Amino acid sequence: MAAQLALDKWKKSAIAAGEVGILQDVKTHDALSSKCFLFIEHSGATFIDRISCDSAHVCQALVNLLKHHIGEPLRSIGDLPIELPEIPRSFRYAA
């Protein structure tokens, strides 16, 4: 019974939802990746979240933008206007 209560408490504390926490870092696996990983600190714990982009080009532009906002609350980062560069034709999906 005590183990179940401890597990339930851990589950509740290990879930963060919404724009909470402070951006600690942002990375991609490599320059060809269309996924970036956000490292977020919230209530003394570190969380990792993933953003999937349409292309590696868009992902790298997003990572470059977010790197300028490390140490800021996600709520303020979420309010930023984001202008991504035009995706070169060679990176676009075939229709």
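The values are calculated or read from the model by the stated rules, or taken from the named source; none is laboratory data. These figures come from a predicted structure and were not determined experimentally. A quick note on method: Cβ atoms are made from the backbone with ideal geometry, for glycine too, and the neighbour counts reach across all protein chains shown.
Quick notes
- Pairs, first among the acidic types (Asp, Glu) in segment 40-59, second at pLDDT 90 or above and part of a strand (DSSP E or B), C-beta under 7 Å, six or more apart: Glu41/Ile22; Glu41/Gln24; Asp49/Leu38; Asp49/Ile40
- Of all residues in segment 31-51, those satisfying the criterion of being in a loop (DSSP other than H, G, I, E, B) and surrounded by 14 or more Cβ atoms within 10 Å (Cβ to Cβ) are Ser33, Ser34.
- Residues that are hydrophobic (A, V, I, L, M, F, W, C) and surrounded by fewer than 16 Cβ atoms within 10 Å (Cβ to Cβ), drawn from segment 52-83: Leu65, Ile70, Leu80, Ile82
- Residue check, Ser43 farther than 14 Å from Asp25 by Cβ and either of a type in the set (Phe, Trp, Tyr) or at pLDDT 90 or above (or both): no
- Top-ranked residue in segment 72-95 [being in a helix (DSSP H, G or I) and over 12 Å from Ala56 (Cβ atoms); ranked as modelled with the lowest pLDDT]: Arg89
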